[in-house]
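What follows is one structure encoded as structure tokens, with my remarks underneath.
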Amino acid sequence: MTQYQFVKQPMDVTIGKLICLARTYTEHAREMQTVVTEDPLLFLKPASSVIFTGGTILIPSQSRCLHHEVELGVVIGKKGRHIPEAQAMDHVLGYLVALDITARDIQSTAKKNGWPWTIAKGFDTFAPISAVVRKEQVADPQDLDLELRINQMIKQKANTSQMIYSLERIISFISAIMTLERGDLILTGTPEGVGELKEGDLLEARLGSLCTLIVDVQKEPAP
Ligand code: MG
């Protein structure tokens, strides 16, 4: 049971399930040669995939191609099911910047065969997250600059205003399927610019000036 870290005012909040969206930015859908859908596309990552700033993304022996995806994360503070859009933001505790690390080679095989993405998305260390910024400190979560630098070069840069779905819609949509609980984390999808990670890379992700996430990349040692 891992607890979130907070930018200010430490709190005890255990990390729950990670609900992730695919294709929430038009340009990313285009670069993946796919299309956006009317409803959000969801998949899950296990809480055991979370690491924090100072941690290391481990390249597992099963993959030869890890990709970075920088994303806005939404931490749920209040449990709910069938949450109306008008009340959705009452269920938010705060925001963070996250990386949805993806074994792109494994995912490509899964896509071709119609298999789930669980293996491609679920390895340990595949969900680096920053500390949480409480929502009271964020004027508009859908007007935040999202940026990823690798070895000091900008690789992904976008604004959360470019998301196809509103946070209200996303929260309402997910809660019509599964109960959202305090400590659950929604990864809202990545903008364009995804690319491959190499051993020794240093990643620095930012959500405006609110929070920063710094992790590096190494090969997983043999068990
Ligand atoms: Mg993603």
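Among strands (runs of 3 or more DSSP E) lying entirely in the stretch 75-188, which contain 3 or more residues that are surrounded by fewer than 19 Cβ atoms within 10 Å (Cβ to Cβ)? Even if it seems obvious, please write down each step before you answer.
Working: elements: 92-99, 145-150, 153-159, 185-187.
Per the criteria, 153-159.
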Revision key, fill the gap. GLN87 meets each of (1) without any contact (Cβ under 8 Å) to a residue 12 or more places away in the chain; (2) in contact with a Pro (Cβ under 6 Å, 6 or more places away or on another chain) with one exception, condition (2)
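Does the stretch 108-123 contain at least one residue that is farther than 30 Å from LYS8 by Cβ, within 16 Å of the ligand (Cβ to nearest atom) and either in contact with a His (Cβ under 9 Å, 6 or more places away or on another chain) or among the hydroxyl-bearing types (Ser, Thr, Tyr) (or both)?
Our first condition is that a residue be farther than 30 Å from LYS8 by Cβ; within the stretch 108-123, this holds for 108-123.
Among the residues that remain, those that are also within 16 Å of the ligand (Cβ to nearest atom) are: 108, 110-111, 116-123.
This time we only want the ones that are either in contact with a His (Cβ under 9 Å, 6 or more places away or on another chain) or among the hydroxyl-bearing types (Ser, Thr, Tyr) (or both), so: 108, 118.
Taking every residue of the stretch 108-123 in turn, at least one turns out to be farther than 30 Å from LYS8 by Cβ, within 16 Å of the ligand (Cβ to nearest atom) and either in contact with a His (Cβ under 9 Å, 6 or more places away or on another chain) or among the hydroxyl-bearing types (Ser, Thr, Tyr) (or both).
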Revision key, fill the gap. Residues of the stretch 29-82 being under 25 Å from SER130 (Cβ atoms) and β-branched (Val, Ile, Thr), in sequence order, are VAL50, ILE51, THR53, THR56, ILE57, ILE59, VAL70, VAL74, VAL75, ILE76
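Within the stretch 61-74, count every residue that is surrounded by fewer than 16 Cβ atoms within 10 Å (Cβ to Cβ) and not charged (D, E, K, R).
Step one: list which residues in the stretch 61-74 are surrounded by fewer than 16 Cβ atoms within 10 Å (Cβ to Cβ), which gives 61-62, 64-65.
From what's left, not charged (D, E, K, R): 61-62, 65.
Residues that pass the stated criteria total 3.
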Check your understanding: How many of the residues making up the stretch 10-36 are more than 15 Å from the ligand (Cβ to nearest atom), assigned to a loop (DSSP other than H, G, I, E, B) and at pLDDT 85 or above?
Key -> 7
Review point. In this structure, is ILE51 under 22 Å from ILE15 (Cβ atoms), modelled with pLDDT of 95 or more and touching a Phe, Trp or Tyr at 6+ places or on another chain (Cβ under 8 Å)?
Key: no
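The values are calculated or read from the model by the stated rules, or taken from the named source; none is laboratory data. The model shown is predicted, which means the values in this text are computed figures rather than measured ones. Neighbour counts run over all protein chains shown; Cβ positions are idealised from the backbone, glycine included.
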